[in-house]
Each structure stands twice: as C-alpha cells, then as structure tokens.
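Student: Below are the structure tokens for one structure; questions will follow.
The values are calculated or read from the model by the stated rules, or taken from the named source; none is laboratory data. Please read these numbers as outputs of a predicted model, since none were measured by experiment. Cβ sites come from the backbone with ideal geometry, for glycine too, and all protein chains shown count toward neighbours.
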Amino acid sequence: MTDNNRNHDSETGAEGPDRVLGTPTSAEGGRVVTRTADPHEDHEGPYPAEETHVRPEAMQRRGERVAALWFTVAFLAGVGFIVAYFLFPNPPEGEPAIGDPQVGQWANMALGGTLALALFGIGAGMTVWARQVMPHYEVSSPYDELPSSPKEKSSFSDFFMRSADESGFTKRPLMRRTLLLAMAPLGLAPIVLLRDTGPLPGDTLKHTLWEPGMHMVVEGAHRTGDNHWIHQDDLEPGSMISALPYVEPTEEHPHGLSLNDQAKTVILLIRMPDGEFGPDMTREQLNWTHNGIVAYSKICTHVGCPAALYEKGSHRILCPCHQSTFDAANGAKVVFGPANRPLPQLPITVDDEGYLVADGDFSEAVGPTFWDAQRGN
C-alpha cells in the first residue's frame, strides 16, 4: 500500500501532502508517451510540442489505403465531369441554348453530380488523412510578438519539411500520388469551361442600336403591331412619351427588338414649352433638340432602373427606385438622389414628313457608370 502522506508533521504548518490528481504528466514518470525512432518526432520547430500522439502503424496504413481510395473516386468523378461536359455539346448557332428540357436536365445532373462527387472525394480523403495518418500534437505556446525573430524565420524551412514528413505526405507515396491525381481533373476543368466563353465585349456597352435616320415608336406599341412612327406633332408642350427605335421584325425577333436592345435604347421624349430650357443647356445639347423636343435615356444612371416619372411643372424626371431626380430643362442634370451623372441625351431631328428620327447615338453610354468608377466619378 502506498503512503501518499509522506509529510507526517502536519501540525507544524509545513506544506501538505504531495498528491497527484488525475493522470500524471510524462515529466513525472507516470505516463509513457509512445515515440518512434524518427528524429523528426522531437518536433524541434518554432512551436514546442508537449506531447506527440503518433498513430499506430496499422491505423496509418489503413488510413492511407482509405484516403487513396477516396482520392481515386475523386479522380474518376473529375474525369466524368469533363466527359459529361463534352457529351452535351452546344447547339448550332441560332438555336436555343437548351432545345430539349430533358437533355438540359440530364446535363445538369451529370455535371453537378460528378463535380460534387469529385469535391466530396477530396474532402473525405483529406479527413481520413488527418484523422488516421497525421500525428496529433498537444501544443501550447505563449503569444509571441510579431514579427517573427530572425532565428524563427531561418528555422521555418526546416520546420516545414519536418511537418511535411510527419504528415505522411512524403512517407506515404500511394496517398500523395492519388491526391495529385485527383486534383488534376479539377485543375483542367476551368480550362475546359473556356469553350463557352463569349467574345470580348469590346465597346458594345458604350453604344446602342440608335443611328441617324432611325424612326421612333411608342414603347409597347411594337408588341401590338401598332408601329406608327412618332410625329413631332404628337407631342404637346409639357407632354412626355416613352419611345423605342423602330426595327423591322425578323424571325428571331418578331417584335423587331430583342429584350436586351429594348433595355438599352428606350428613351423619354419630352416637349418643353417655348423658352423653358435652362441656362445649363449647352449649345451642343440645344442642337440635339428639335422644336422644343428633347430625348433622354430612360435608364437611370444610378443602378439602371427606369426613370419613368415626369413632372411637367418643374420639368423633373424621377426614378422611383431610389428617388434620383433629373432636371429635363437643364440637360437632365442630377438635382437629387444617388445618381452621379446626367441622363445621356439622344440627338434627334425630323425627316421630310415631320417624323422624329435619331441623329446619332447617345451622348454617353447609358445606364450606371462603369468606365470611370475607379475615379469615383
């Protein structure tokens, strides 16, 4: 029987008995920590390890095989993703992107399923690797001041190589090779996807369909077939019309304009009473008007909402989304709200019969500012 009370002189006020509560530490000899003969297990890196729990060799070998199996599954799934991508080719030019919904469904299932399995396989393999192959450390370290000392910096490469060795990456070639194999298809996937990238936009964002001599129709009338061109006499002083360019219907666009073109070309035609243009209108801007009629882009320069409300008494154009307000009598300059530039103006004139026609494209790109956003303009 062990006598834990080695100090019997308790009445003299000396220290109490030396007792060990819980599991004794390795320093006290009460616990033996299994260590391999590998000198790397000493863990002479910048962060000292109090104890190192090395996995049993049988567990490490089993973990290596299981992780390699998952990495192999990930490789096959990655190859399946690339195969599925080419198995469902793009339709011929001019046909819908997904002509048959059933084909689109199978394509989504094949691409999504193989990619999900590839990512899951890599994750599962890494989890097995960490839990069954890598050693487990119980590390405690004081909070050191930054930056690291020169000694710590010089020892980093040695510490990194020892960590790689202890992790099993260099010791376990089967696991290492299957991991690299699994990553190869995922690395190639972005390159394969370049097949579906469209042409470079160039300056298409800065231009619209408007060109000299193009007639105008009331927005919405092009869908009903009532494509009557807008005459200058159709607008009375103080009135406003939302208009689009007239484009001949085609088989692809039976209403003449695509939705994308409609969103970029829609305008507000406003007829100002005589003498109502303000002093901020430049001579060039006045030359872009005709008989008091001015045309502005309907697309708000804040975030692209339709600035569709007009108050004829104050000549203010209002965007209802965020209350950006523009002064139609002064070049549609911003008088309130978050928009940071005026609405672009469309130069207009009339043909020989008095129908309104465009005299060119907008003065600036329509919609939110994108070309000088880095300058905060």
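Student: Any residue at all in segment 307-322 that's under 27 Å from TYR355 (Cα atoms), touching a Lys or Arg at 6+ places or on another chain (Cβ under 7 Å) and not in a loop (DSSP other than H, G, I, E, B)?
Tutor: Scanning segment 307-322, I find no residue that is under 27 Å from TYR355 (Cα atoms), touching a Lys or Arg at 6+ places or on another chain (Cβ under 7 Å) and not in a loop (DSSP other than H, G, I, E, B), so the answer is no.
Student: Separate question: How many residues, within segment 333-352, are touching a residue at least 12 places away in the same chain (Cβ under 8 Å), closer than 25 Å to VAL247 by Cβ and more than 32 Å from the chain's Cα centre (by Cα)?
Tutor: Residues meeting the conditions: 7.
Student: Please state which of the following conditions VAL294 fails to meet, knowing it meets all the rest: (1) buried (at least 23 other Cβ atoms within 10 Å of the Cβ); (2) assigned to a loop (DSSP other than H, G, I, E, B).
Tutor: Failing condition for VAL294: (2).
Student: Can you name the condition, by its number, that LYS171 falls short on among (1) modelled with pLDDT of 85 or more; (2) surrounded by 13 or more Cβ atoms within 10 Å (Cβ to Cβ)?
Tutor: Going through the list (1) modelled with pLDDT of 85 or more; (2) surrounded by 13 or more Cβ atoms within 10 Å (Cβ to Cβ), LYS171 breaks only (1).
Student: Further question on the same structure: Quick check, is VAL128 within 30 Å of ARG172 (Cβ to Cβ) and modelled with pLDDT of 85 or more? Working first, answer last.
Tutor: On the way: within 30 Å of ARG172 (Cβ to Cβ): yes; modelled with pLDDT of 85 or more: yes.
Answer is yes for this residue.
Student: Can I ask one more? Consider GLU152 carefully, then state whether it is at pLDDT below 70, in the same structural domain as VAL66 (by TED's automatic domain parsing) and of a type in the set (D, E, K, R).
Tutor: Values: at pLDDT below 70: no; in the same structural domain as VAL66 (by TED's automatic domain parsing): yes; of a type in the set (D, E, K, R): yes.
When the stated conditions are applied, GLU152 does not pass them.
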